[in-house]
1. Answer yes if at least one residue in segment A:157-171 is within 15 Å of DNA strand B (Cβ to nearest atom) and not in a strand (DSSP E or B), and no otherwise.
2. When segment A:112-127 is examined, which residues are found to be surrounded by 15 or more Cβ atoms within 10 Å (Cβ to Cβ) and in a loop (DSSP other than H, G, I, E, B)?
3. Just wondering, is there one or more residues in segment A:110-128 that are more than 15 Å from DNA strand B (Cβ to nearest atom) and of a type in the set (A, V, I, L, M, F, W, C)?
4. Just give me the residues in segment A:1-56 being small (Gly, Ala, Ser), within 14 Å of DNA strand B (Cβ to nearest atom) and farther than 21 Å from A:HIS139 by Cβ, in sequence order.
5. Going by the conditions given, is A:THR111 polar (S, T, N, Q), over 27 Å from A:TRP185 (Cβ atoms) and touching a residue at least 24 places away in the same chain (Cβ under 8 Å)?
6. With respect to A:TYR79, determine if the residue is out of contact with any strand residue (DSSP E or B) (no Cβ under 7 Å at 6 or more places or on another chain) and within 21 Å of A:VAL172 (Cβ to Cβ).
7. Return the only residue of A:GLY130, A:GLY137 being within 16 Å of the chain's Cα centre (by Cα), surrounded by 16 or more Cβ atoms within 10 Å (Cβ to Cβ) and more than 16 Å from DNA strand C (Cβ to nearest atom).
8. Among the residues of segment A:14-50, write down those that are out of contact with any Gly (no Cβ under 9 Å at 6 or more places or on another chain), closer than 18 Å to A:GLY130 by Cβ and not charged (D, E, K, R).
Amino acid sequence: MKLQKSFYLRENVVQVAKEVLGKTVHTCVNGYHTSAIITEVEAYSGRNDKACHANNGMRTKRTEIMYARGGVAYVYLCYGIHHLFNIVTNGRNKADAVLVRAVQPVEGIETMMKRRQKVEVDKSLCSGPGTLSQALGIHTREHYGLSLLSEHIWLEDAPCLKEHEIVTSTRVGVDYAEEDALKPWRFYIKDNPWISRK
DNA sequence: TCAACGATTCCT
DNA sequence: GGAATCGTTGAT
């Protein structure tokens, strides 16, 4: 069953990030249904986190959706090439989000391969924040601000992982965030090969 | 209006 | 190790 609004509205974005691991993300784009298990995530906090786009009340056209109530998608273009998919959490004006960094394909694998121009199934298909968005057909213009209880994109519930099944590390690519770059807010499923990097 | 840069990926 | 590539951002 679809994860409900209450899942996303909780206050502790780190806790929500951990619980997102093992859940399944579904998209239905141009009539093609795809789904994949979320294997790697990072937490970003709207308060006291220099790595977050919405840090220090930073409010622009791009970050605006982070200030909405949890349960919507924050998608943005990175390096002019890659769409990165985030899950907005917490209540209005909190600006917390969970970045999905890697997934394990489940349904619609042929569709994912076509979108990624791959002829074999391996981790290059969707183990990375940019590649998974491409595999799932997530595009900035279509998915920015979209409800995660919509028919286009949603998460399906699954049992939470045990602590010993989760590996914790610092976040990737946020060296500019000074002391906040040290926050242990990246989480991935232990022994799962569908990870962006070790 | 303009220049710099980035929560990355892929090729050499 | 370095290029690709462009929307967002903050400063002119």
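Just so you know, all these numbers are worked out from the coordinates, no wet-lab data involved. Since the structure is predicted, the reported quantities are computational estimates derived from the model, not experimental observations. Backbone-built Cβ (ideal geometry, glycine too); neighbour counts: all protein chains shown.
1. The answer is yes, given that some residue of segment A:157-171 is within 15 Å of DNA strand B (Cβ to nearest atom) and not in a strand (DSSP E or B).
2. Across segment A:112-127, the qualifying residues are A:LYS118, A:CYS126, A:SER127.
3. No, every residue in segment A:110-128 fails to be more than 15 Å from DNA strand B (Cβ to nearest atom) and of a type in the set (A, V, I, L, M, F, W, C).
4. Start the filter on segment A:1-56 by keeping residues that are small (Gly, Ala, Ser), which leaves A:6, A:17, A:22, A:31, A:35-36, A:43, A:45-46, A:51, A:54.
Still in the list and also within 14 Å of DNA strand B (Cβ to nearest atom): A:17, A:36, A:43, A:45-46, A:51, A:54.
Once the filter is applied, which keeps residues that are small (Gly, Ala, Ser), within 14 Å of DNA strand B (Cβ to nearest atom) and farther than 21 Å from A:HIS139 by Cβ, segment A:1-56 yields A:ALA17, A:ALA43, A:SER45, A:GLY46, A:ALA51, A:ALA54.
5. yes
6. Values: out of contact with any strand residue (DSSP E or B) (no Cβ under 7 Å at 6 or more places or on another chain): yes; within 21 Å of A:VAL172 (Cβ to Cβ): yes.
Taking the combined requirement at face value, the residue satisfies it.
7. A:GLY137
8. A:VAL25, A:VAL41, A:TYR44
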